[in-house]
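Asker: The structure is given below, and queries will be raised subsequently.
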Amino acid sequence: MRVIAGKAKGRKLMMVPGDSTRPITDRAKEALFSIMGTWIEGTRVLDLFGGTGGVGIESLSRGADFVQFVELNRKAVETIRANLRHCGFEKQAIVERGDSFTYLQRYQGRPYDLIYVAPPQYQGYWIKALQMVDARPELLAKLGSVIVQIHPREDAPVALERLEEYDRRRYGSVMLIFYMTAEDLAAADEDDDAWEDDETGDEEDTWDAESEEPEEDDEA
């Protein structure tokens, strides 16, 4: 696993020992940041269920101002901190060891431009986290987005009051679903520069549900 572009381009990232996390693939990560383009520059990012820290660190490398990582697993927290040091981003990030749901419930502070949700798979955690963000609109900045990373088999309808899905992409065993408030989606439609899509690769891989075995965890 590596940093794909930006200030820390090419830096290899440590993996979390054991099999408690499964980081986003480089292909899916590259596609994700191609979709966001230069929008990520100057943003505040919340990386929930941080895993190795790959998404948050890629954000910093590409110009994000600050990333808040939240991760419960002690080994994963140590890995994120080591990867931040290796890439030189310690001063632009905070790594909190704790429960992501508790963080969403208790957080009081500046809103985030991007909230990235990549929890352990097959437990419905992504739906719970998404609904908690939906219930607290103050967590998300104007024109901010929530991006959920799941396995395609986890996909299910979600009852939301404020957030609306506006895009989804699938890359093998990784599905990315994009959300924004209905109000901000209307505003974004009037401003084509609010979200720049520079993606040049294929948008979707063929996925064979019968041949692929379920994977335990999927964290960024």
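The values are calculated or read from the model by the stated rules, or taken from the named source; none is laboratory data. Keep in mind the model is a prediction, meaning the values are calculated, not measured. Don't worry about glycine lacking a Cβ; one is built from the backbone with ideal geometry, like all the others, and counts go over all protein chains shown.
Asker: Filter region 175-196 for residues that are at pLDDT below 95 and either in contact with a Ser or Thr (Cβ under 8 Å, 6 or more places away or on another chain) or among the β-branched types (Val, Ile, Thr) (or both) and give the result.
Answerer: TRP195, GLU196
Asker: Out of all the residues in region 104-117, is one or more modelled with pLDDT under 95 and of a type outside the set (Asp, Glu)?
Answerer: No; the residues of region 104-117 include none that is modelled with pLDDT under 95 and of a type outside the set (Asp, Glu).
Asker: Same structure, new question: Quick check on GLU138: is it surrounded by fewer than 18 Cβ atoms within 10 Å (Cβ to Cβ) and either more than 16 Å from the chain's Cα centre (by Cα) or at pLDDT 75 or above (or both)?
Answerer: So GLU138 passes the test.
Asker: Which residue out of ARG81, ARG106, ARG97, ARG85 is basic (Lys, Arg) and in contact (Cβ under 8 Å) with a residue 24 or more places away in the chain?
Answerer: That would be ARG97, the only listed residue that is basic (Lys, Arg) and in contact (Cβ under 8 Å) with a residue 24 or more places away in the chain.
Asker: Could I ask something else about it? Please determine, by comparing only the residues of region 64-111 that are within 12 Å of ARG44 (Cβ to Cβ) and among the charged types (D, E, K, R), which one is surrounded by the most Cβ atoms within 10 Å (Cβ to Cβ).
Answerer: Once the filter is applied, the top-ranked residue is ASP65.
Asker: With the requirement that a residue be touching a helix residue (DSSP H, G or I) at 6+ places or on another chain (Cβ under 6 Å) and surrounded by fewer than 19 Cβ atoms within 10 Å (Cβ to Cβ), what does region 7-60 give you?
Answerer: Across region 7-60, the qualifying residues are LYS7, ARG11, MET14, PRO17.
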